[in-house]
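Just so you know, all these numbers are worked out from the coordinates, no wet-lab data involved. Everything numeric here is computed off the predicted structure, so don't read it as measured data. Because the Cβ atoms are built from the backbone with ideal geometry, glycine has one as well, and the counts that use them run over all protein chains shown.
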Amino acid sequence: MKISTLPRQQYKQLLRDELLSIDEIKAWIARIGCLVIGVGMLKGGTGKTTATIFIALWIAWKLGLKVCVVDTDNNSQSVVNWLKARKVLDDKVPFDHVVYDENDEDGPELDDVIEHLKESYDVVIVDTGGAGKEAYWEVSKEAHLLILPVAPSGIEVIRIQPTIRQAARGSKANENTLRASVVMVKCDGRTSLPAEQRPAIAGHIAAAMEDVKHGDLVVSMPAEAFEISNSPDYPRFWETMPKPSHTEEWGACLRHILKEAVA
């Protein structure tokens with residue numbers, strides 16, 4: 001059952017039990033200095049840029065923190081294109097962004113870029129390209145959290161294992177405990193498909209973790225109540241600037257994920 005359909009008292013109880021409070025998140029980020037989040041799968045078209053932008057908007061609006069988004073997708077540069085559309089429409093975007101070109105042989109490594117940005121921002125969110133294995137590895141060396149958006153579709157679910165293995169490779173050089181969360185997106189509550197795919201996703205996570213040394217990487221999947229819907233607000237955000245209320249679904253999911261991470 002989605003949280004938006006719960007009775008009021010049950011909804012309030014869920015918020016208390018399953019979500020990290022706003023004050024707790026801000027205090028934790030202040031303690032660690034800068035929260036680094038990597039978003040992406042080793043497959044294109046999974047909704048990584050949508051997730052990146054909605055998470056960045058929610059953090060900037062709801063938490064009032066200074067956020068920078070790093071676009072590593074050399075092929076589509078989706079974040080850049082979205083920002084260009086916002087500029088044309090004179091929309092105010094509450095976060096900064098930089099573009100990282102992994103093909104620039106004379107440029108800095110991505111982990112060095114992240115280290116530099118950590119000095120100026122409270123949160124750095126990295127939108128990783130669908131096929132950028134090296135970028136994903138470098139993000140995994142610096143991140144506190146990886147978000148793997150995946151639709152309830154077999155063609156996307158099968159990419160979970162190689163993505164987790166690449167994250168585990170980077171986590172060996174990460175001084176933090178790297179946590180990865182496989183978040184089901186584009187979920188249609190009118191069908192049983194999301195529920196059908198949850199066991200398959202859990203199976204792929206378990207299979208990938210067989211090769212991961214204990215302690216290098218922690219992988220989880222949010223509770224069913226925090227799956228991301230196929231709301232029309234997501235495709236519409238390319239033409240229309242989202243409202244703060246449109247970001248609350250991703251905000252609740254992030255608060256749920258951080259509840260375990262901060263514990």
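May I ask which of Lys118/Lys213; Lys118/Lys172; Lys48/Lys118 have a Cα-Cα span longer than 26 Å here?
As for pairs spanning more than 26 Å Cα to Cα, those are Lys118/Lys213.
Excluding residues fewer than 8 places away in the same chain, name every one of the lysines whose C-alpha is closer than 19 Å to that of Lys259.
Reachable lysines: Lys2, Lys12, Lys26, Lys62.
Rounded, prolate or oblate: which fits the range 94-183 when a ≥ b ≥ c are the square roots of the eigenvalues of the alpha-carbon gyration tensor, with rounded for a/c under 1.5 and prolate only if a/b beats b/c?
prolate
In percent, what relative contact order does the chain have, based on Cα pairs under 8 Å that are 6 or more apart in sequence?
25 percent.
For the chain, what is the Kirkwood estimate of the hydrodynamic radius, computed as the reciprocal of the mean inverse distance between distinct Cα atoms, to one decimal in Å?
About 18.5 Å, per the Kirkwood formula over Cα pairs.
Need one word for the range 120-263: rounded, prolate or oblate. Basis is the Cα gyration tensor (sqrt eigenvalues a ≥ b ≥ c); a/c below 1.5 gives rounded, then a/b vs b/c decides.
oblate
Specify the residue with the greatest mean-square fluctuation among Asp112, Asp90, Asp73, computed from a Gaussian network of the chain linking alpha-carbon atoms under 10 Å apart.
It is Asp90.
Highest mean first, what order results for 100-108, 169-177, 189-197 on Cβ atoms within 10 Å?
Highest-to-lowest ranking by the protection proxy: 169-177, 189-197, 100-108.
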